[in-house]
1. For segment 175-199, give me each residue that is over 17 Å from residue 163 (Cα atoms) and touching a helix residue (DSSP H, G or I) at 6+ places or on another chain (Cβ under 8 Å).
2. Test each condition in (1) at pLDDT 90 or above; (2) more than 21 Å from residue 120 (Cα to Cα); (3) buried (at least 17 other Cβ atoms within 10 Å of the Cβ) for residue 11 and report the one that comes out false.
3. Could you check segment 6-21 and list, in sequence order, the residues that are in a helix (DSSP H, G or I) and either touching a helix residue (DSSP H, G or I) at 6+ places or on another chain (Cβ under 8 Å) or outside the structural domain of residue 74 (by TED's automatic domain parsing) (or both)?
4. Mind telling me which of the residues 165, 197 ends up being loosely packed, with under 13 Cβ neighbours inside 10 Å and within 13 Å of residue 146 (Cα to Cα)?
5. Of all residues in segment 80-95, which are surrounded by fewer than 19 Cβ atoms within 10 Å (Cβ to Cβ) and free of Cβ contacts under 8 Å to residues at least 60 places away in the same chain?
6. Just one of (1) modelled with pLDDT under 85; (2) assigned to a helix (DSSP H, G or I) trips up residue 67, so point out which.
7. Scanning for something over 17 Å from residue 69 (Cβ atoms), touching a strand residue (DSSP E or B) at 6+ places or on another chain (Cβ under 9 Å), surrounded by fewer than 15 Cβ atoms within 10 Å (Cβ to Cβ) and modelled with pLDDT under 90, does segment 180-190 turn up at least one residue?
């Protein structure tokens, strides 16, 4: 166990350990419904025109990391990078070197782990894309009138998510509603309209709509 923690906190593994720890804390908070899954808000539609996507978002798209929230990408990069770094140092570097040489090789391992984590993450997110496909594109307007279930602790004009069964893996929608409705996890809502500016849906309760 001491050897495990020693390697866990050794450079460069410690860099990925910290990032992975931050992401795990984030997912615990997200599970409580207090933050959006796509809180960093740079997820990219996989059907987007590559020529129309620029800057950081364009880089993410070209690396094959689009179509899911950045938080998912960062988590998978951290997990893959940690695995490569930890076992490279444990099996290859530490048994053969020490001191300054160990540090130099550690820098190489850190860079190599990151480079390996990009294509691995690109492959891992492919089966996850259908879960997040609902947040972009004109076809989302077809969801107006659908029933969804709130998955976050609250829904207001700046925060909220809901799940919608589509006969497949299901869809996670970013939703917005009037605060007076006091929506919370488990409430059923009706999709009223699509808000293109925020890639979200305006929703209301079934009682409010039909009464």
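1. Listed by number, the list holds a single entry, 181.
2. (3) is the only condition that residue 11 fails.
3. Scanning segment 6-21 gives 7, 8, 13, 14, 15, 16, 17, 19, 20.
4. After applying the criteria, what remains is 165.
5. 83, 87, 91, 92, 95
6. If we test residue 67 against (1) modelled with pLDDT under 85; (2) assigned to a helix (DSSP H, G or I), just (2) comes out false.
7. no
Table: residues versus (1) surrounded by fewer than 16 Cβ atoms within 10 Å (Cβ to Cβ); (2) modelled with pLDDT under 90; (3) within 24 Å of residue 65 (Cα to Cα); (4) not assigned by TED's automatic domain parsing to the domain that holds residue 178.
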{"position": "106", "(1), (2), (3), (4)": "no, no, no, yes"}
{"position": "110", "(1), (2), (3), (4)": "no, no, yes, yes"}
{"position": "113", "(1), (2), (3), (4)": "no, no, yes, yes"}
{"position": "125", "(1), (2), (3), (4)": "no, no, yes, yes"}
{"position": "142", "(1), (2), (3), (4)": "yes, yes, no, no"}
{"position": "147", "(1), (2), (3), (4)": "yes, no, no, no"}
{"position": "150", "(1), (2), (3), (4)": "no, no, no, no"}
{"position": "155", "(1), (2), (3), (4)": "no, no, no, no"}
{"position": "161", "(1), (2), (3), (4)": "no, no, yes, no"}
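The values are calculated or read from the model by the stated rules, or taken from the named source; none is laboratory data. Nothing here was measured: the structure is a model prediction, and the numbers come from that model. Every residue, glycine among them, receives a Cβ derived from its backbone with ideal geometry; neighbour counts consider all protein chains shown.
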